[in-house]
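Okay, structure first, notes after.
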Amino acid sequence: FQNEINEVPFFDVQLPYELALKIFRYLGKAELGRCAQVSRTWKILAEDEVLWYRLCQEEGYLLDMSISDHSCWKLALKNCRAREHMLKTNWKNRVGAVSQLRYEPGRVLCDVHCCDGVVMAGYTSGEVRLWDTRTWDYTAPVLAAVAGPGGAGAPPHVSFVRINSSLAVAAYEDGSVSVWSLLLGQEPIHHFQHNQRIQALALAPGGSAVATASGFQVKVESPDDKGFWQTPGTFEIQKLVNFLNLVPDVTGSPVAVAAAEDIVYLLKAEDPGRILHSVYGQPVTCLDVAAHEAAFGIKTFGWLLNEPNQILLYNLETNQCVTKVGSSTGDFSCVNLHSSPPNMLVAGNKDRRVRVFDVRRGAAACSVYGHQLGVSAAQMDEWKVVSGGEEGLVCVWDQRMGTKLWEMHARHPVRLVWFNSHSLITANIPEEKNPRGSSITEDDPSLHRKYRGVIYCYEFSVDQLAVDSVLPICRSSYDELTGYNYNIGLAMPYDTI
């Protein structure tokens, strides 16, 4: 019937179907629903697939699909909105499944990083482990490390790990750095060595550049067009680097932002010595970098005691300070700019408060208090904030109401908080990597599980209470018949018993 419509009645005129469709493109969902009740012709026009495909794309749903992938885009938009409402309700009520990502032979947890649900963890045994939380059974391949000279001695501890969509990087206590490709396999594709201990490690979120800071030197490594790794830039800095980030979405040579005590450097291959910010007596306490901006917290003391601690936002193209936000007596311990909504950032402070700032107004849009010690990690989206504290507490907040929805406690400080629409990953990493009573033997029973740290994974698309979720011990497959210590496997999956 739609193909037979040549003219659409618009009051006292007759319009061609294509022209009437262009007029209807300016209407929203509610207006299209009202127009569909006018007549049979208007109903067919108001339910045209082009209109509802455009609405679905404008609201951010199914962006990677074409118009031919669905037969009814109105129903597809309805299902997407229903799923979003279900996820939001599950987030608020803590409805879902919770799992622990453990690797017992790895001993004590050293560092954790996450990218799109893929978790990377490094341990004191020198091993590096991966989990893909997007699958039902969390597979955990071990990334093979480069063998030391002669293979003698215990492997060094892992200092830092970083992961993006294509690469995984680990830095070790002896100054070595290994780079793996997530597509090629378990053997490293690149390895380089520093003479001193590595203070900071950075990996470009969407690229393949790796930056390391060791001693007074910052080195940037990246592959060329043929896949051969090279060093586009080596920078000498007068002070020890505390924080290091690579600017995402940079064309050409990589650009790094390094904070060394009270100086912030913008490191480019063609302009290696550019200082972005420097005020004597104001050390940098945290740093985060987005595509065009850098945010970092500064601490005041001594003769600047009358000035409060603030977060400065710099434009990386003009190298000018855009705004200053925050006014606190405590030090800002973490800031998240790259994953926050536009014109927003979230910061944690040692005064136990989590603050959400609107950089356009230069003021705090929300300030919540609920940690016993300082805030160590934070992330936000349009309606919620997730924060982690030094005491091991993970809190989920409603941003508009400024109220705590729920919390979860573990033994060690929270060093990682990452979430998307349907999952949340947190990591509690112990400060003490060699607990009292532990030895170098692999089967030492004195190193209890409580000293090792833990990684939690929450899945909110599962419609069940977190306290009733299936334990990882009950998810065994047929090839996992035996276990040791706490990791006991079942003879068959739990759902067929």
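Observations on the model:
- Q37 being of a type in the set (S, T, N, Q), open to solvent by 70 Å² or more (accessible area, probe 1.4 Å), modelled with pLDDT of 85 or more and more than 29 Å from E382 (Cα to Cα): yes
- The single residue among V264, V284, V250 that is assigned by the TED database to the domain that holds C334 and either more than 20 Å from H194 (Cβ to Cβ) or within 28 Å of the chain's Cα centre (by Cα) (or both) turns out to be V284.
- Number of the condition not met by Y138 [criteria: (1) touching a strand residue (DSSP E or B) at 6+ places or on another chain (Cβ under 8 Å); (2) open to solvent by 40 Å² or more (accessible area, probe 1.4 Å); (3) under 21 Å from H194 (Cβ atoms); (4) modelled with pLDDT under 90]: (3)
- Boolean, D331 is under 20 Å from G388 (Cβ atoms) and either in contact with a Lys or Arg (Cβ under 6 Å, 6 or more places away or on another chain) or surrounded by fewer than 17 Cβ atoms within 10 Å (Cβ to Cβ) (or both): yes
Yes or no, residue by residue, for (1) of a type in the set (D, E); (2) assigned by the TED database to the domain that holds H338; (3) open to solvent by 30 Å² or more (accessible area, probe 1.4 Å); (4) modelled with pLDDT of 90 or more:
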position: E390; (1), (2), (3), (4): yes, yes, yes, yes
position: M401; (1), (2), (3), (4): no, yes, yes, no
position: K404; (1), (2), (3), (4): no, yes, yes, yes
position: L424; (1), (2), (3), (4): no, no, no, yes
position: P435; (1), (2), (3), (4): no, no, no, no
position: R449; (1), (2), (3), (4): no, no, yes, no
position: V454; (1), (2), (3), (4): no, no, no, yes
position: Q464; (1), (2), (3), (4): no, no, yes, no
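- Within region 85-116, being charged (D, E, K, R), in a helix (DSSP H, G or I) and either closer than 12 Å to S461 by Cα or free of Cβ contacts under 8 Å to residues at least 24 places away in the same chain (or both) holds for one residue alone: K88.
- Filter pass, E84 being farther than 16 Å from P430 by Cα and surrounded by 18 or more Cβ atoms within 10 Å (Cβ to Cβ): no
- Selection within region 356-374: residues that are closer than 20 Å to L313 by Cα, assigned to a strand (DSSP E or B) and among the aliphatic types (A, V, I, L, M). The member of this set that is nearest to the chain's Cα centre (by Cα) is V356.
Let's see how each residue does on (1) modelled with pLDDT under 95; (2) in a loop (DSSP other than H, G, I, E, B); (3) under 26 Å from L203 (Cα atoms):
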position	(1), (2), (3)
L276	yes, no, yes
Q310	yes, no, no
K324	yes, no, no
P342	yes, yes, yes
D351	yes, yes, no
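- In region 280-302, the residue that is nearest to G233 (Cα to Cα) out of those that are open to solvent by 50 Å² or more (accessible area, probe 1.4 Å) and assigned to a loop (DSSP other than H, G, I, E, B) is H292.
- Any hit, region 215-222, residues being surrounded by 18 or more Cβ atoms within 10 Å (Cβ to Cβ), in contact (Cβ under 8 Å) with a residue 40 or more places away in the chain, under 23 Å from G297 (Cα atoms) and of a type outside the set (F, W, Y): yes
The values are calculated or read from the model by the stated rules, or taken from the named source; none is laboratory data. As the structure is a computational prediction, the values presented were derived from the model and not from experiment. Using ideal geometry, Cβ is built from the backbone for each residue, glycine included, and neighbour counts are taken over all protein chains shown. To get the accessible areas, we keep the full protein, side chains included, count just its heavy atoms, and leave off ligands, DNA and RNA. Shrake-Rupley method; radii C 1.70, N 1.55, O 1.52, S 1.80 Å.
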